[in-house]
Amino acid sequence: MIEVDAKAERQSARGPKPRADLHAAQAIRAGLLGRCPACGRGALFEGFLTRRARCEACGFDLGAVDTGDGAATFIMQIAGFLVGFSALAVEIAWRPPLWLHLVVWLPLVALLAVALMRPGKGLMTALQILRLRQDPTARPDGSSKAR
Ligand SMILES: [Zn+2]
């Protein structure tokens, strides 16, 4: 019994302990829906974008998974592409005045970015956890230890 506790303690000291409860598609779906990618049951966020330190359902160490600004980078590019090319298409088709472009597209790009941020951060967290499952030597920030 003591030997098992010592092994668990060594694993938790290396970062989040990967669990194999969910398949990759289930983990990604759970992350997109704002649930824990390790078990699919607990809430991933407290507040709007703050990730919980630990899953309430399975105890997975969510705080040790570091996705950095990965989600924000992709969301800005996706929202910018969609709104930018939509504005270009509207300009070519109807040539509305500039003030109408500003009134329509600026709020739309902001709303789109905010709406996609939470699923994007959940997806990045799920992908990071899946990477930790495949490579137990990977560090929580996504890099691998030199061997
Ligand atoms: Zn969980």
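Restricting the stretch 47-94 to residues that are closer than 21 Å to P119 by Cβ and charged (D, E, K, R), which is nearest to the ligand (Cβ to nearest atom)? This residue is E56. Residues in the stretch 51-76 that are in contact (Cβ under 8 Å) with a residue 40 or more places away in the chain, within 19 Å of L32 (Cβ to Cβ) and assigned to a helix (DSSP H, G or I): L62, G70, A71, A72, F74, I75.
A count restricted to the stretch 35-53 and to residues that are farther than 18 Å from R133 by Cβ and in contact with an Asp or Glu (Cβ under 9 Å, 6 or more places away or on another chain) stands at 3.
Taken together, the values in this text are just the output of simple stated rules run on the coordinates, not laboratory data. Bear in mind the structure is a predicted one, so any value in this text is a computation, not a measurement. Note: ideal-geometry Cβ built from the backbone for every residue, glycine included; neighbour counts use all protein chains shown.
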